[in-house]
Structures are given as C-alpha cells and as structure tokens.
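Asker: There's a structure below that I have some questions on.
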Amino acid sequence: MPKSTAIAKSVAKKAAPTKTMPYDVAAQLRTPEEMAAYLDAWLAEAPDDAAGIARALGDIARAKGMTQVAKEAGLSRESLYRALSEDGNPSFATVLKVARALGMKLHAVVA
C-alpha cells in the first residue's frame, strides 16, 4: 500500500465526526448597539427584502425577550411571532410598534 494511502486511512480513522449545532443570531445580539447595527445592516444590504427585515426584527425581539417586546408593543406574543416569522407579513404599524418596543428609531437618508 502506498504511504500516502496509509496516512489517509490513519487520519480517517482518528478523525471524529463533526458535530454541528443550529446557529441562532439572537444569541449573538447582546447589546442595544449590536441590535441596532444588525437591523441597520439588513436595511442597508437588503432594503427591498421586507421578509428579511421582518425576520431581523424577530431576531432582535427574541434576543430581548419576545414576551416583553410583545407587551411593550401592545401585541400578543403569538401574533408577534407570526408577524415576524419567515412567512409573516407585518403591517407597517406593527413594524413601528416593534421598533419602538425594541428601543429603536427608524430614520431616512437620501438613497
């Protein structure tokens, strides 16, 4: 057996299987500044992706605590989850309520 084949078999036997875990961006959003930067990045990089921006708001709401955000926005927890889900389509009024509950302001700049 060629030496390179023997080495490859030896490495393959010793290599443990890779374990993966689902990535949750909400776990990485720890400060109000990180949350605002995350939403701002979505608005800058994908301004036409309404569903993506809604999901970003959902990520931030989960990071802050969905129950508390829903309460501050005057919405039920279930309706907030539904509105900010991948298939959700929140009204602009809901987006504004959620942004306010998250302690964020939306602002406009010249494109």
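Asker: Just for the stretch 38-61: of the residues that are part of a helix (DSSP H, G or I) and charged (D, E, K, R), which one is surrounded by the most Cβ atoms within 10 Å (Cβ to Cβ)?
Answerer: For the stretch 38-61, the residue satisfying everything is Asp59.
Asker: Further question on the same structure: Name the residues in the stretch 72-84 that are in contact (Cβ under 8 Å) with a residue 12 or more places away in the chain and either part of a helix (DSSP H, G or I) or under 15 Å from Leu57 (Cβ atoms) (or both), would you?
Answerer: Those that are in contact (Cβ under 8 Å) with a residue 12 or more places away in the chain and either part of a helix (DSSP H, G or I) or under 15 Å from Leu57 (Cβ atoms) (or both): Glu72, Ala73, Leu75, Leu80, Tyr81, Ala83, Leu84.
Asker: Can you pull out the residues in the stretch 85-111 that are surrounded by 14 or more Cβ atoms within 10 Å (Cβ to Cβ) and not in a loop (DSSP other than H, G, I, E, B)?
Answerer: If the condition is that a residue be surrounded by 14 or more Cβ atoms within 10 Å (Cβ to Cβ) and not in a loop (DSSP other than H, G, I, E, B), then Thr94, Val95, Leu96, Lys97, Val98, Ala99, Arg100, Ala101 are the ones that fit.
Asker: Go through the stretch 1-37 and give me each residue that's within 30 Å of Gly52 (Cα to Cα) and either in a loop (DSSP other than H, G, I, E, B) or at pLDDT below 65 (or both).
Answerer: Once the filter is applied, which keeps residues that are within 30 Å of Gly52 (Cα to Cα) and either in a loop (DSSP other than H, G, I, E, B) or at pLDDT below 65 (or both), the stretch 1-37 yields Thr18, Lys19, Thr20, Met21, Pro22, Tyr23, Asp24, Leu29, Arg30, Thr31.
Asker: Go through the stretch 62-83 residue by residue and tally those that are closer than 12 Å to Thr94 by Cα and surrounded by fewer than 14 Cβ atoms within 10 Å (Cβ to Cβ).
Answerer: Here the count works out to 2.
Asker: Any chance you could count how many residues in the stretch 14-31 are farther than 14 Å from Leu57 by Cβ and either touching an Asp or Glu at 6+ places or on another chain (Cβ under 8 Å) or surrounded by 10 or more Cβ atoms within 10 Å (Cβ to Cβ) (or both)?
Answerer: Going through the stretch 14-31 one residue at a time, the tally reaches 4.
The values are calculated or read from the model by the stated rules, or taken from the named source; none is laboratory data. Keep in mind the model is a prediction, meaning the values are calculated, not measured. Cβ sites come from the backbone with ideal geometry, for glycine too, and all protein chains shown count toward neighbours.
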